[in-house]
């Protein structure tokens, strides 16, 4: 099963795709109306515009360093997951999306890295909580948010995961407790992006790691912009062995060409394996 992740509403109806994810809100803060024919995607705690408008929304480490795109390791500005007003705004977006299509996907859920957050709000919430361990408290913050979103989604709830299946890493990095989240999430999505896919063994390593780690179904999202179609077909084959579906990010035309060629080759019996000679 193949799908597309797109910002272009006209691509939602393309027949080559079995499922479509429409980016309703992205990490820049750009937001549009939800689309009826797609699973609407919402970037939860990645939001450049929100942090530019109110820098106090950004998570900070113990030294007060904010998790913004001016810092190393961050491609966008993060919002602290315990900021109530912003969080409620995201949940309202989830409700709006679910009113149009009962399935919803959440992106960018979690704390930005393991050293976050030590803002005054988080420090007070942790001190007032029942938890003695800060990592356990962070897990609870994220699980509660996903549970609240689940209450607003009558259909399937999808959740994007950072592509690191090693045990304990997602917990340490972002506060994601996969076992707890599985109670609320119907399907995880793992983006495994590369600019060329000249080799694919590493894609298989990551995919197999998630297959071993998760009981919940998961899909793999591939990068499709300016990727050679032959390379895209090869990595499709790898991902397809492990994932519920293979999704293509942000270049529907290239994805469509790869799907068409793959299906045509399968009908003609073409073998894509490497000649040992």
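Read the figures in this text as sums done on the coordinates, not as results from a lab. The structure presented is a predicted model; accordingly, all values stated were derived computationally and were not measured. Virtual Cβ from ideal backbone geometry, glycine too; neighbours counted across all protein chains shown.
Beta bridges per DSSP, both residues in the chain: antiparallel share near 10 percent. With both labels modelled 7 Å from their Cα along Cα-to-Cβ, the residue 84 to residue 135 distance reads 2.9 nm. In the set (1) 1.07; (2) 0.97; (3) 0.99, which value of Rg/Rh (Cα atoms, Kirkwood Rh) was calculated from the structure you see? Calculated Rg/Rh (Cα atoms, Kirkwood Rh): the matching label is (3). As a rough footprinting exposure proxy, the listed residues 241, 11 were ranked by other beta carbons within 10 Å of their own, and the order from fewest upward is 241, 11. Per-residue Cβ neighbour counts within 10 Å put 122, 117 in the sequence 122, 117, beginning with the fewest. Hey, how much of the P(r) for segment 1-91 falls beyond 15 Å, as a percent of Cα pairs? When all Cα pairs of segment 1-91 are counted, 62 percent exceed 15 Å.
Legend: ranking of residues 129, 245 from fewest to most surrounding C-beta atoms inside 10 Å; resulting order 129, 245. The share of alpha-carbon pairs in segment 9-57 lying farther apart than 14 Å comes to 54%. Within segment 48-200, all pairs of alpha-carbon atoms sorted by distance into 10 Å bins from zero give the percentages 11, 37, 37, 13, 1, 0. Segment 73-128 and segment 235-255 have their alpha-carbon centroids 28 Å apart. Between 0 and 90 degrees, the angle of helix 84-100 with respect to the longest Cα principal axis of the chain falls at about 40 degrees. Taking the longest Cα principal axis of the chain as reference, the axis of helix 252-268 is set at about 40 degrees. Taking the centroid of alpha carbons for each part, segment 1-70 and segment 145-190 are 16 Å apart. By the helix-only formula, in which each DSSP H run with n ≥ 4 contributes -39500 (n - 2.57) and the sum is divided by residues, the chain has a 222 nm mean residue ellipticity of -11500 deg cm²/dmol. Helix 134-152 and the longest principal axis of the Cα set of the chain meet at an angle near 70°.
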